[in-house]
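A short write-up of the structure that comes next.
None of the figures in this text is laboratory data; all of them are computed from the coordinates on show. No experiment lies behind these values; they were computed from the predicted model shown. Cβ sites come from the backbone with ideal geometry, for glycine too, and all protein chains shown count toward neighbours.
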Amino acid sequence: MRFDPSARLTGELVVPPDKSISHRAALLGAMAAEPVRIENYLDAADTNSTLAAMRALGVLVEVRDEEVMMRGGGLREAREPDEPIDVGNAGTLMRLLPGWLAAQDGRRFVLDGDASIRRRPVDRIADPLRLMGAHIEVTDGRYPPFTVVGAPLHSIAYEMPMASAQVKSSVLLAGLLAEGATTVGEPARSRDHTERLLLRGGATIHRNGRYVTVGDCDELVLDDIVVPGDLSSAAFLIAAGVLVRGSKLCLRDVGVNWTRTGFVRIVQRMGGIVLGDLESEFDELVPEEPLSDIDVAFGPLEGTIVEPEEVPLAIDELPLVALLGCFAEGETIVRGAAELRLKESDRIEGVVTGLRGLGAEIEATPDGFVVQGTGRLRGGTIASHGDHRMAMMGAVAGLASEEGVEVQGMDAAGVSYPAFVHDLASLV
């Protein structure tokens, strides 16, 4: 699909529901003692894989437009399915679900997915869960398909070697069903949606600096959950508004949890005009997810350095930092982002090869990239490699380029933002 240069972007949009929170809301809803209603649930390939997985585990799931009703059997009543659980392309589901299944005593669960999922490692969740007493068998020491056999779990204090909201969440979910209090230490802050939902559900959970502790729990009781707009999806529109001269956009009801606004802070540091009532950093754990409208306008950019401690708070948006760096004055460097090589595609290789093909001066490093800003992109062709974020980055590049960009595999955007092409066109 081709995306031609745009004179300016204007208008208002409501971005899709948050993918990360939708996954977690469905999983916690399945674990709850009473029925749970989820409003504004994301209807996309990844999140639909989570609903299908919950049905396979015996959870009653009813979808009504953007509302999902769930009735599970509680914390310890996941049904053993007759066939492998298909996680599709959903890495969040693949890594969070074993935390719950590991405590389903005596029941056996096989998790598998598409070709991309089979290249994504699961040893980082298998290792701490095994320390808790879980039985997990993986392929070639670290890959799907893998098998979880439920067993009695005990609490641990676990220091994560690298920050990961998915690993942290998996251990915390297992900690709900383990004997005693489980503590997870993370080297840098990562997304805290799981902690907020657990607090809402009545779990004993608290944060102390870089440590999160959860106690064992008899049941979760959740009120209705309203999923906010997805900042990771909004990021592509923010990038477009900042890059295309004369643009002025308003994005409505976006989730602005501090652990998700790392990209916004990077853009603001580069000189982009992005305004909203963003949550500030604080240590107290709260159950609410903050919302804000976000106003975006074109602005001249300067290069920046993204340090390793910033990476977990902007991991999904780092390809856009590379794109912004092409148009910024000076050098833009991302460090400590080796995790990008383990996403739906090798995003470091994909971003560097893709943008270089459009005329960028960009080099890969083992854990990131270096961009020499030239203030322009020529245009050309870029491949998504089946990665939704690469596809959407290519579309934004086309709008800001001199000659336009042909995106090969644009349908990959349907994983998280099915209406992306339509919404982008409405702003042109």
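Mean sequence separation of contacting Cα pairs (under 8 Å, at least six apart), scaled by the length of the range 236-353, corresponds to a relative contact order of 28 percent. Other residues lying with their Cβ under 15 Å from the Cβ of Thr194 contribute a combined charge of +4, Lys and Arg counting +1, Asp and Glu -1. For the chain, the share of DSSP beta bridges that are antiparallel, to the nearest 5, is 70%. Taking a point 7 Å from the Cα of Ala7 along the Cα-to-Cβ direction, the residues of the range 411-428 with backbone N closer than 14 Å to it are 428. Electrostatic tally near Lys168: other residues with Cβ closer than 9 Å to its Cβ, Lys and Arg +1, Asp and Glu -1, net -2. Please report the net charge: other residues with Cβ closer than 15 Å to the Cβ of Asp423, K and R +1, D and E -1. Neighbourhood net charge equals -3. The value of relative contact order for the chain, using C-alpha pairs under 8 Å at least six residues apart, is 17 percent. In this structure, the amide hydrogen of Thr365, modeled 1.01 Å from its nitrogen in the peptide plane, lies closer than 5 angstrom to those of Val370, counting only residues at least 5 positions away or on a different chain. Just flag the trypsin sites (Lys or Arg not before Pro) in the range 353-421 sitting in loop per DSSP whose Cβ has no more than 15 other Cβ atoms within 10 Å. Answer in residue order: Arg376, Arg378. Backbone amide hydrogens, once placed in the peptide plane, bring Val226 within less than 5 Å of Glu39, excluding anything fewer than 5 places away on its chain.
For the chain, a simple Cβ point-charge model (Lys and Arg +1, Asp and Glu -1, everything else neutral) yields a dipole of about 600 debye relative to the Cα centre. Listed values for the range 77-85 are Karplus-derived 3J(HN,Hα) couplings in whole Hz (6.51 cos²θ - 1.76 cosθ + 1.60, θ = phi - 60°), namely 10, 5, 7, 6, x, 6, 10, x, 7, and x replaces Gly and Pro.
Backbone phi angles across the range 286-292, fed through the Karplus curve with coefficients 6.51, -1.76 and 1.60 (θ = phi - 60°), yield HN-Hα couplings of 10, x, 7, 9, x, 10, 7 Hz in residue order; Gly and Pro are listed as x. In units of the rule-of-thumb radius 2.2 N^0.38 Å, the range 19-226 shows an alpha carbon radius of gyration of 0.92. Summary: within the chain, the longest segment free of GluC sites (Glu not before Pro) located in DSSP loops with at most 12 other C-beta atoms within 10 Å is 1-280. When you restrict to C-alpha pairs under 8 Å that are six or more residues apart and normalise by the size of the range 19-226, the relative contact order lands at 21 percent. Across the range 8-13, computed HN-Hα scalar couplings (Karplus, 6.51 cos²θ - 1.76 cosθ + 1.60, θ = phi - 60°) run 6, 10, 9, x, 10, 9 Hz from first to last residue, x flagging Gly and Pro. For the chain, taking Cα atoms only, Rg and Dmax work out to 20.9, 61 Å respectively.
Here the spin labels are modelled as points 7 Å beyond Cα on the Cα-Cβ line, and at Glu83 and Ile333 they lie 5.1 nm apart. In this rough spin-label picture, where each label sits 7 Å from Cα along the Cβ direction, the Glu34-Glu363 distance is 6.1 nm. Taking the chain as a Gaussian network of alpha-carbon nodes connected by springs under 10 Å, the highest mean-square fluctuation of the residues Gly88, Gly29, Gly359 belongs to Gly359.
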